[in-house]
Amino acid sequence: MSADYIQANTNGRLHDAREPSISPLNRGFLYGDAVYEVWRTYDGVLFAWKEHWERLEQSARALHFGLTVTEGTMLAEIKRTAAAYRAATGCAGELYVRLQITRGGGPIGLDPGLADRPDFVLLVQANKPVPPEKLRTGYVLSVATQLHRNPADTLNPAWKTGNYLNNILCLSEARQRGADEVVITNLAGEVTEAAVTNLGFVLDGVILTPPLSVGILAGITRELVIRRIAPAAGLKVTETVVRPEDFATMQECFMLSTTRDVSPVGRIDGQSFRVGPDTVTMRLKAAFAEYVRGYVAEHPGQSLLQ
C-alpha cells in the first residue's frame, strides 16, 4: 500500500479516500457548509480529544446545525478507521485524524432548510513530523498583502468551518514568494495568524501572542500553552496586538498547531529571528512534550493502537 494512502470513513462506511463517497449535492461540497476538527496521536493516543470535540460542537452551533453523532460514537468510529488504516498500510507511527461534518445534501439552493441530514467523513493518514531542518533553521513566512483576514462580524475565523478560501488565497500569495507559510493581517493591519496555525513571538523572554479579538481561531495548542504549559515551565505569556512593524523588535517567532505543536520560525520576509536549542521557543517545545507525556499516560482509552 502506498505511503500516502488515506483511509476514509463516510457515515460509517470504510473505504479508500480516493473513492467517491458523498453526493455532489452535499452542502459541504457545494457551499463549504460544514465544520471540522483535526486531531493527532502521540504514542498512539489521540491528543486533546475533548477540547477538539467541544470546539466542534461550538462551531456546529454557530452554523445552526446539530451533531447527529455522540462523542462516544465518534471516538469508536475513529478507532475503527485507524485500525483499518493500520491494517491497510502496516503503519505503526503517529496518525492524523480529520473529521468533517456537513449540514447534509438536498435540492440545490442556499436555504439551510433544504438540507436533509448531517453527514460525516473521517480521514486518517500518517502524521508528518516537523522536518529536522525546520527545527534547526525555522520556517519561512511571508505577510499577505493582497488580502486580509475576514472580520469576525462577517464569517468569524473562530468557527472552524469548511470554508477556507480566505486562508488558501493568502497562503497562495506567500507560497509564490517561496515562503512555507503566510502571516495574515486583519483590516486594521494587526497580525492574526498563519493559514493553519496560530502565531507566537518572544520579546525579552516573554511570549506574546495575538488576542482572539483580532480575528483568529481559538487554537487548542495555543490555549494549552497559555493556560497550562507555559505557566508550568515558568514562562510568561501575554495576549497582545502585534503588527508587522513590530517584527524588528521581536527576538523569536513560532507557530502553534495540532499537527506541529510548537515550531520555530526563522524568518518573516526580511526579518530574521533566533532559532536553536537555547531559545524560549525550544524551551516551550520541550515543556509541551512533557505535557504530552502526562496526557498520554492519563488517557489510555484514547489509544488508536488497540
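Things to note:
- Pairs with Cβ under 6 Å, 6+ apart, first in segment 237-250 and at pLDDT 95 or above, second in a helix (DSSP H, G or I) and among the hydrophobic types (A, V, I, L, M, F, W, C): Val237/Ile226; Val237/Ala230
- Scan of segment 287-306 for residues that are among the small types (Gly, Ala, Ser) and free of Cβ contacts under 8 Å to residues at least 40 places away in the same chain, ordered by number: Ala289, Gly294, Ala297, Gly301
- Here segment 8-37 is the region considered, the condition is being out of contact with any Lys or Arg (no Cβ under 9 Å at 6 or more places or on another chain) and outside any loop (DSSP other than H, G, I, E, B), and the residue that is farthest from Thr68 (Cα to Cα) is Asp16.
- Note on segment 38-55: among residues that are under 16 Å from Leu75 (Cβ atoms) and part of a strand (DSSP E or B), the one that is farthest from the chain's Cα centre (by Cα) is Val45.
- Here the condition is being assigned to a helix (DSSP H, G or I) and buried (at least 18 other Cβ atoms within 10 Å of the Cβ); of Val296, Val275, it holds for Val296 alone.
- Taken over segment 106-120, the criterion of being surrounded by 16 or more Cβ atoms within 10 Å (Cβ to Cβ) and either without any contact (Cβ under 8 Å) to a residue 40 or more places away in the chain or not aliphatic (A, V, I, L, M) (or both) is satisfied by Gly106, Pro118, Asp119, Phe120.
- 1 or more residues crowded, with 18+ Cβ neighbours inside 10 Å and within 14 Å of the chain's Cα centre (by Cα): qualifying strands (runs of 3 or more DSSP E) within segment 154-267: 181-185, 191-193, 198-203, 252-257
- Here Gln58 fulfils each of the conditions (1) part of a helix (DSSP H, G or I); (2) touching a Pro at 6+ places or on another chain (Cβ under 6 Å) apart from (2).
- Here segment 91-103 is the region considered, the condition is being crowded, with 21+ Cβ neighbours inside 10 Å and in contact with a Ser or Thr (Cβ under 9 Å, 6 or more places away or on another chain), and the residue that is farthest from Gln302 (Cα to Cα) is Ile101.
- Pairing residues of segment 38-50 that are farther than 18 Å from Glu223 by Cα and modelled with pLDDT of 95 or more with residues that are outside any strand (DSSP E or B) and among the basic types (Lys, Arg), at Cβ distances under 9 Å and at least 6 apart in sequence or on separate chains, gives Tyr42/Arg293; Asp43/Arg293.
- Residue that is nearest to Val262 (Cα to Cα) [pool: residues in segment 126-153 that are part of a helix (DSSP H, G or I) and in contact (Cβ under 8 Å) with a residue 60 or more places away in the chain]: Leu135
- Leu123 satisfies every condition listed in (1) surrounded by fewer than 20 Cβ atoms within 10 Å (Cβ to Cβ); (2) of a type in the set (A, V, I, L, M); (3) without any contact (Cβ under 8 Å) to a residue 60 or more places away in the chain except (3).
- Under the condition of being out of contact with any Asp or Glu (no Cβ under 6 Å at 6 or more places or on another chain) and surrounded by 15 or more Cβ atoms within 10 Å (Cβ to Cβ), the residues counted in segment 126-136 number 4.
- Condition met for Ala88 (in a helix (DSSP H, G or I) and crowded, with 18+ Cβ neighbours inside 10 Å): no
- Residue within segment 67-76 that is among the small types (Gly, Ala, Ser), modelled with pLDDT of 95 or more and within 30 Å of Tyr291 (Cβ to Cβ) present: yes
The values are calculated or read from the model by the stated rules, or taken from the named source; none is laboratory data. The shown structure was predicted, so the numbers you read here are calculated from the model rather than taken from an experiment. All Cβ positions, glycine included, derive from the backbone under ideal geometry; neighbour counts span all protein chains shown.
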